[in-house]
Protein chains: 2
Amino acid sequence: MLNKPIQVLMIATLHNDRLLRALRRQPVDVTPVWLMRQAGRYLPEYRATRTRAGSFMRLCQTPELACEVTLQPLARFPLDAAILFSDILTVPDAMGLGLSFSDGEGPQFARPVRSVADIERLPIPDPETELRYVMDAVRLIRQELNGRIPLIGFAGSPWTLATYMVEGGSSKDYARIKGLLYDQPAMLHQLLEVVTESVIAYLNAQSAAGAQVLMVFDTWGGILTPRAYREFSLAYLARIVASVNRQVEGQSIPVILFTKGGGAWLEDIAATGCDAVGVDWTMDLSEARRRVGDRVALQGNLDPAALYAAPERIGELAAQTLADFGSGAGHIFNLGHGVQPSVEPDRVRALVDAVHELSKPYHANPVDAG
Amino acid sequence: MLNKPIQVLMIATLHNDRLLRALRRQPVDVTPVWLMRQAGRYLPEYRATRTRAGSFMRLCQTPELACEVTLQPLARFPLDAAILFSDILTVPDAMGLGLSFSDGEGPQFARPVRSVADIERLPIPDPETELRYVMDAVRLIRQELNGRIPLIGFAGSPWTLATYMVEGGSSKDYARIKGLLYDQPAMLHQLLEVVTESVIAYLNAQSAAGAQVLMVFDTWGGILTPRAYREFSLAYLARIVASVNRQVEGQSIPVILFTKGGGAWLEDIAATGCDAVGVDWTMDLSEARRRVGDRVALQGNLDPAALYAAPERIGELAAQTLADFGSGAGHIFNLGHGVQPSVEPDRVRALVDAVHELSKPYHANPVDAG
């Protein structure tokens, strides 16, 4: 096969493949750890780059700066994965909605989706054109990582993106999107269709550009009823899992799904065919593992607020999460949500070191325990 | 017994006892319905009274005005219960923290709890002195209701109150209270002890003043890990259930517990000995009922955002919630959280009417189905 030499090269040059092994539920020496928003405001060097960029959008849209902040936490902590620095709302921005971020106010769309005509007007962006800056960032980061650790690419879930697209930004009560959901479900499905196609193209472009793992963030799936979750979020997550390229240049591309507040639907998420399910801190990993068995790997799930504790206490809390998962393969340590801006960087160091140190006994017998 | 004549009088004068019957899981003609925040900003007459009061605190602290807004939704809709108009933060205010509400900013405490000394200084307020305005409102409302429907009194859960007391107001990341929880759990327990004693005294005073049902709102229990929920919220909810007077003047006082986002812990909440468990919209009532059987009544759980739908659609959604619970006694219809300020009052009418009309078939055979 034509791709064989590239595959060999890539595997040969990935010095730390703990994440990929854990995603395949293969034995590892220690539990791999990375953190949602590991590149972010809690790091002074991030804040400096953000200031230099002038705006959050400019930071996302300048590949050199996006690469720089992606690498910042890796220079400090022995993390087992990099995650592309970007924002889930770049996709609706590329669909023509006009994204901006005002300080303290969060994201704003200049042209939110309010009618069928608005939906019919939405293009499926060509990622290598309208989102070229993201793909260039992916290529640059892969080059800079030089095979040390894998790079995770990501997108927002169609439901989560649609929420922002319809509300026009963040929302407290989700009046517009829920009104649509309950009153005009066909119109909402029409929107979710085009967003899903855009997300699939976007994720495929990321893996083609070099992302070795793909993660879908369903930040707002947890605000739905069980029925609405299945119909308006899970169905589209499942379509993404079924549709994205799972082999790129001979390498398999694992997919991680994360619905915040989705603990009740863990089995359904696992049944999509994804490789791993992200779990927030409102469920013990022991219960999560009991429920999904060895069908998928599990990613999580320390309370992000645990990073407000003293460093030695953080070690104890990490130990508890490791014990909850127990022995065997298939655990990727993470927080249950992103690192908060007010966390001290030394707490993140304490956590990463504790996970590597304290997880050794769970991998002493390298068997793929179920 | 001395209280016998009063008991007879009270029962005789309660014209609509659906709520009390449903709480006891006794047969009813139709499913009783009331709504969290049924008295509130979505009603123009509430906004007028609020303006007249000058401030939200003045509204809470003036028994005549609190009574007036309590009764407003009852004049519009055939609701099966009244709920005292007040705020959960009146208790920490009476403990000396200095509560104020700034428009758009939410609650603020002038003297948040930050040290052991702060905790040691906290009194257990005498409800008939420091919270006399609440008790006067309860007495006035009972008088005005004149036995038409029962009056629900309420308090915030100790964990939820402690969250505001330590953060000093609303919070996005709960950095201070979670820091305390993870770093200084003994100090947090010390705070929860005094808050729990204050809440018990407050609830007992409400039932003595005439509240016929008591509800505890654990608004922030759902931000905890399962371990932390059991230790820092559920344990104190259980203490309240075990400690409040359950018989007042010969009448039993049912207790409803509601942890928003607490679906995963339903069995544990039911096991406290409460009479009913509130369920938010992220779980189907069919599953909730399967899990708690006939141990408790269930209160809920329509998505509050369903009230953004057209009136006829609201009927369909109410029908679904009724069908989820199914036949038999023990269901109190409610939203999964409060009525949102931007809801049109006619939607609330559509809901209340639909519940009464569409629930009849579920009570056609008045047996206490489990």
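Using a 1.4 angstrom probe on heavy atoms only, work out the carbon and sulfur share of the accessible area of chain B in %. Provide the component values of the computation, followed by the final result.
Numbers: 6910 of 13600 Å².
The value for chain B is 51 percent carbon and sulfur by accessible area.
Kindly state, to the nearest 0.05, the FRET efficiency for A:Ser170 paired with A:Asp294, given R0 = 45 Å and r defined as their beta-carbon distance.
0.75
With +1 on each Lys and Arg Cβ and -1 on each Asp and Glu Cβ, and nothing else charged, work out how big the dipole of segment B:250-307 is about its Cα centre, in Debye to the nearest 20.
For segment B:250-307, the charge dipole is close to 60 debye.
Please identify every one of the trypsin sites (Lys or Arg not before Pro) in segment B:41-118 that sits in a loop by DSSP and has no more than 15 other beta carbons within 10 Å of its own beta carbon.
Of the trypsin sites (Lys or Arg not before Pro), the ones in loops of segment B:41-118 whose Cβ has at most 15 other Cβ atoms within 10 Å are B:Arg41, B:Arg114.
For B:165-176, what's the mean count of beta carbons from other chains sitting within 10 Å of each residue's beta carbon? Can you show the working numbers first?
Numbers: counts 0, 0, 0, 0, 0, 0, 0, 3, 8, 5, 8, 2.
Rounded to a whole number, the mean comes out at 2.
When you count, for each residue, the other Cβ atoms within 10 Å and take the mean per peptide, how do B:271-282, A:163-174 rank with the highest first?
B:271-282, A:163-174
Students often get this wrong: which residues of segment A:63-96 have the backbone nitrogen under 15 Å from the point 7 angstrom along Cα-to-C-beta of A:Arg349?
What the label zone holds, given the 15 Å backbone N cut-off, is A:73-79.
Got the relative contact order for segment A:29-147 handy, in percent, Cα pairs under 8 Å and 6 or more residues apart?
Over segment A:29-147, the number comes to 26 percent.
Between copies, how close do the A:Ala235 label points come, placed 7 Å along Cα→Cβ, listed in nm from shortest?
Those label-point separations list as 4.6 nm.
R0 = 35 Å: FRET efficiency of A:Arg139 with A:Ser115, Cβ-based, nearest 0.05?
After rounding, the FRET efficiency stands at 0.40.
For segment A:227-324, what is the accessible area per residue in Å² when the probe is 1.4 Å?
Per-residue value: 31 Å².
Compute the distance in nm between two label points, each set 7 Å from the Cα along the Cα-to-Cβ direction, one at B:Ala48 and one at A:Arg132.
The modelled label-to-label distance comes out at 6.2 nm.
Full-extension gain between B:Ala364 and B:Gln320, please, as 0.36 nm times their residue separation minus the C-alpha to C-alpha distance.
The span from B:Ala364 to B:Gln320 would gain 14.1 nm if fully extended.
With +1 on the Cβ of every Lys and Arg and -1 on the Cβ of every Asp and Glu, and nothing else charged, how large is the dipole of segment A:10-110 about its Cα centre, in debye rounded to the nearest 20?
Working: 11 positive and 10 negative charges, 52 e Å.
For this selection, approximately 260 debye.
Which one of B:Ala350, B:Tyr308, B:Thr321 is farthest out on the positive end of the charge dipole of segment B:284-370, using unit charges on Cβ (Lys, Arg +1; Asp, Glu -1) and the Cα centre as origin?
Final value for the positive-end residue is B:Thr321.
Rounded to the nearest 0.05, what FRET efficiency do B:Ala75 and B:Gln26 give with R0 = 22 Å and r taken as the Cβ-Cβ distance? Could you check?
The value I calculate is 0.20.
For the protein assembly as shown, how big is the tail of P(r) above 44 Å, as a whole percent of Cα pairs?
27 percent
Ordering B:Met135, B:Met57 from largest to smallest accessible area (1.4 angstrom probe), what's the sequence? All intermediate terms of the calculation are to be shown ahead of the outcome.
Numbers: B:Met135 0, B:Met57 25 Å².
Listed by decreasing accessible area, they come as B:Met57, B:Met135.
How would you rank A:20-32, A:83-95, highest first, on the average number of other Cβ atoms within 10 Å across their residues?
Top of the packing list down: A:83-95, A:20-32.
Rounded, prolate or oblate for chain A? Axes are the square roots of the Cα gyration tensor eigenvalues, ordered a ≥ b ≥ c, and the cut-off for rounded is a/c under 1.5.
Details: a/c = 1.40, a/b = 1.32, b/c = 1.06.
It is rounded, given that a/c, with a ≥ b ≥ c, falls under 1.5.
Placing +1 on the Cβ of each Lys and Arg and -1 on the Cβ of each Asp and Glu in segment B:17-164, which of B:Pro158, B:Thr31, B:Ile141 has its Cα farthest towards the positive end of the resulting dipole?
The residue sitting most towards the positive pole is B:Thr31.
How large is the accessible surface of A:Phe109 in square angstrom, using a 1.4 angstrom probe and rounding to the nearest 10?
Number for this one is 10 Å².
Using a/c under 1.5 as the rounded threshold, could you call segment A:188-324 rounded, prolate or oblate? The axes a ≥ b ≥ c are square roots of the C-alpha gyration tensor eigenvalues, and prolate needs a/b larger than b/c, oblate otherwise.
Verdict is prolate for segment A:188-324.
List the distances, in nm to one decimal, from the label point of A:Gln143 to the label points of the same position in every other copy, shortest first, placing each label point 7 Å from Cα along the Cα-to-Cβ direction.
Nearest to farthest, the other copies are at 8.1 nm.
What are the GluC sites (Glu not before Pro) within segment B:100-156 that DSSP puts in a loop, where the Cβ has at most 13 other Cβ atoms within 10 Å?
Passing sites in segment B:100-156 are B:Glu105.
Taking the Cα centre of segment B:144-284 as origin and charging only Cβ (+1 Lys, Arg; -1 Asp, Glu), how large is the dipole, in debye to the nearest 20?
120 debye
How far is B:Gln247 from the same spot in each other copy, in nm, shortest first, if each label point sits 7 Å from Cα toward Cβ?
Counterpart label points of B:Gln247 in the remaining copies fall at 7.5 nm.
The values are calculated or read from the model by the stated rules, or taken from the named source; none is laboratory data. Note that the structure is a prediction, hence the values are computed from the model and not measured. Methodologically, a virtual Cβ is constructed for each residue, glycine included, from the backbone with ideal geometry; neighbour enumeration extends over all protein chains shown. Keep in mind that these areas ignore ligands, DNA and RNA; they rest on the heavy atoms of the full protein, side chains included. Shrake-Rupley method; radii C 1.70, N 1.55, O 1.52, S 1.80 Å.
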